[in-house]
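Notes to accompany the following structure.
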Amino acid sequence: MSRRPPFAEWLSQTNDVTRTFLAAGGMADVINLGGGLPEPSTYPAADLARLAHQAVEEHPEDSLNYAPIEGMTALRDLIAKRFSKGPLRVGRGNVLITTGGMQALDLLGKIFADPDSAIAAQSPTYLGALDAWRPRHPVYRPMRLNANDLDAEAALDGARFAYTVPNFSNPTGELVDVTTRRKLVEAARATGTPLVEDDPYGALFYDGPPLPRMLELDAENEGEGEGDYDGPVIYLGSLSKELAPGLRIGWVIAAPEVIGALVLAKQGTDLATSSLSQRIALDALEDGVIERNLPATLDTYRERRSALCAALEAHLSEWFTWEEPVGGMFVWITAKDPRIDTDRLLSAGLDCGVCISPGSVFDPEGTDRRSVRLNFTANPPEVLEKGVERLARAVRGLIA
Ligand code: PMP
């Protein structure tokens, strides 16, 4: 094409660093610590093959047809039932099935954000969320959670919504404590600002029982027996990490009014999430596939988390600090040596055969040059160790 097509303005706003690290992850001979993928051998392939066959053979009227925009009724009901506990009552009208959690983020941008709208976002922020909302030109209010000085009400007041990943943030792996969760819920109630609880890693707790969801904490405000959930929390779930990302099944639990707006947005996006995937997901949930499969996955990830942290201790502790995460898929390391610029470490690392994700891509302002996200789920222990050794070589080259 001789002339550049007349692309929308936002397309020129993804930076080169993002493009470099996304492209580099798949290069041959490069150990990819920069991605965010699960370990494919943990997917319950035999079970899913059986259920896929059964879905088409026994339920062609469901699995080969368009599903309702809101999602397959039986799947919505099952999710509603699983989430209804204690004072939290989730009804079918509270549930929307989405094409992965990623689509929920896109739809939230569609229904809430106008140009220059404020979004209060846990900082640093999931790259996919920044990507989803970039076409809407929002203005970010960064929130550091787990901090004594967090003024949640000031952060949320006047924002279109607040975005958080309380269970093992992507990128930092941090777990938001219960005090901060309560503070956010109270602030959402006081200001009327919707509070997004993005929870794809909620099943990946390695060292203890899960913390209460903000959706559950908020239901305590509504009290028991007053009908289905109608509060400010917008909960996003996904089967990507606990079952398989290829199914592309996620869901939103929110007040019926919000679900209604999301349905309108979804109608103009994909009409419906794959019926075949929804049918397989429904049968997998009813069949107990996740309960049977998840413990072994958690063992694999727990071992890999320890292996990555041991390798960091052995090879990088002179230059970086980090906290060992208690779940999720990432370790966030921060340079203590001012000579280390982590954008430059991306290219230095690639020269040594390792890909990392630099902190700048998770920063709405793009200014973080001190941090790096490392993934531990997608490689076995010996490869993680080799990757960290290569990274240490890259650091030495950078500060020499
Ligand atoms: N939110 C966060 C924080 C994520 O890390 C991811 C995936 N890496 C998603 C949402 C989207 O996941 P999916 O679309 O596969 O459900």
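Let me confirm the definition first: pairs of Lys residues in the chain, 8 or more apart or on different chains, C-alpha distance under 30 Å. How many are there?
Final tally of qualifying lysine pairs is 14.
What does the extension gain come out to for Asp16 and Asp337, with contour length at 0.36 nm per residue minus their alpha carbon separation?
Numbers: separation 321, 0.36 × 321 = 115.56 nm, distance 2.46 nm.
Gain on stretching Asp16 to Asp337: 113.1 nm.
Mean shadow of the stretch 289-379, computed from the convex hull of its alpha carbons, in nm²? Don't jump to the answer; show the numbers that get you there.
Working: hull surface 28.1 nm².
The number I arrive at for the stretch 289-379 is 7.0 nm².
Note the full-extension length gain between Thr321 and Glu39 as 0.36 nm times their separation in residues minus their Cα-Cα distance, in nm to one decimal. Present the calculation step by step, with values, prior to reporting the outcome.
Details: separation 282, 0.36 × 282 = 101.52 nm, distance 2.61 nm.
Taking 0.36 nm per residue and subtracting the Cα distance, the gain is 98.9 nm.
Where does each of Phe205, Phe362 land when they are ranked from fewest to most other beta-carbon atoms within 10 angstrom?
Listed from fewest to most nearby Cβ atoms, that is Phe205, Phe362.
Sorting Glu242, Glu197, Glu9 on the 10 Å Cβ count, fewest up front, what's the list?
Details: Glu242 21, Glu197 28, Glu9 8.
Final ranking by Cβ density, sparse to dense: Glu9, Glu242, Glu197.
What is the log10 of I(q)/I(0) for the chain, computed with the Debye formula using one identical point scatterer on each Cα and no solvent, at q = 0.09 Å⁻¹?
Debye intensities relative to I(0), on a log10 scale: -0.56.
Pop out the Kirkwood hydrodynamic radius of the stretch 234-363 from its pairwise C-alpha distances, inverse of mean 1/r, in Å to one decimal.
On the way: mean 1/r = 0.0538 Å⁻¹.
Value: 18.6 Å, from the Cα pair sum.
Going by how many other beta carbons lie within 10 Å of each one, how would you line up Ile69, Ile31, fewest first? If you can, show how the numbers build up before the last one.
Numbers: Ile69 18, Ile31 22.
Ranked by crowding around the Cβ, least crowded first: Ile69, Ile31.
Readers should treat all values here as calculations from the given coordinates under stated rules, not as data from a laboratory. These numbers were taken from a predicted model, which means no experiment stands behind them. Neighbour counts are summed over all protein chains in view; Cβ atoms, including those assigned to glycine, are modelled from backbone coordinates with ideal geometry.
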